[in-house]
Every structure is written in structure tokens, then in C-alpha cells.
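The values are calculated or read from the model by the stated rules, or taken from the named source; none is laboratory data. The structure displayed is predicted, hence computed values, not measured ones. When we count neighbours, we look across all protein chains shown, and the Cβ atoms used for this are built from the backbone with ideal geometry, even at glycine. Protein only, heavy atoms only, side chains kept; ligands, DNA and RNA dropped before computing areas. Shrake-Rupley method; radii C 1.70, N 1.55, O 1.52, S 1.80 Å.
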Amino acid sequence: PERGKTALAGFGCTSCHMIPGIRGANGLVGPPLTQFARRAYIAGQLPNDAENLVRWIQNPQAVEPGTAMPNLGVVPAVARDMAAYLYTLR
């Protein structure tokens, strides 16, 4: 989770999302990621589980063409780290 927290900041996720526990993560473009682990769906499309979250982080356009969330070139291991941090948010 700690590596994921660092990666979320490093990839600029904080400029679009409010993310608890990350300084300066107060973006208003995307939804706030508060209590992410308690949500039923990712992007209103996918059941909220680790496999789907990694898929979404890596290629959101494949899940929801035209979404405002860009493909950031996140590799699988880093996407798993990001997911690990987001699942600490209860």
C-alpha cells in the first residue's frame, strides 16, 4: 500500500482526485476516492475487485471509451500497488 500511495502521487492522480492520506490530493475532475474499498463498482462499470481495479488503472479507455481518465502507462506491478493503497480506504 505504501508504494501505491507514492505511485498515485507520482502519476498525478492527485490532480484529478481527492485521495485521503495523500498531501495535496484535492482534485475535483474525477470522483473523490474516499472509502474506495466500500464501493460496489469501479467507474460505474466494473464490480469493485482487485483484478478489475488493476484493469481500470492500466487502461480506463478500454473499459469506458471516452472517459476523462487517461491511460497513464501504468505497468501491472504499479497498478497492483495503487490498488493495494485504494483498498485501505474504508
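Structure above, values below:
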| read-out | value |
| --- | --- |
| Candidate set from region 78-90 (those that are within 19 Å of GLY44 (Cβ to Cβ) and not in a helix (DSSP H, G or I)); member that is least open to solvent (accessible area, probe 1.4 Å) | LEU89 |
| All positions within region 66-77 that are open to solvent by 40 Å² or more (accessible area, probe 1.4 Å), more than 10 Å from the chain's Cα centre (by Cα) and either under 21 Å from SER15 (Cα atoms) or among the charged types (D, E, K, R) (or both) | GLY66, ALA68, PRO70, ASN71, LEU72, GLY73, VAL75 |
| Matching option when the condition is in contact (Cβ under 8 Å) with a residue 60 or more places away in the chain, part of a loop (DSSP other than H, G, I, E, B) and not polar (S, T, N, Q), among GLY30, GLY73, GLY44, GLY21 | GLY21 |
| Residues (closer than 17 Å to PRO70 by Cβ, in contact with a Ser or Thr (Cβ under 8 Å, 6 or more places away or on another chain) and open to solvent by 20 Å² or more (accessible area, probe 1.4 Å)) located in region 1-53 | VAL29, ALA43 |
| Every residue from region 37-56 that is touching a strand residue (DSSP E or B) at 6+ places or on another chain (Cβ under 9 Å) and closer than 15 Å to MET82 by Cα | ASN48, ASP49, ASN52, LEU53, ARG55, TRP56 |
| Per-region count, region 9-33, residues within 11 Å of the chain's Cα centre (by Cα) and under 17 Å from ARG90 (Cα atoms) | 6 |
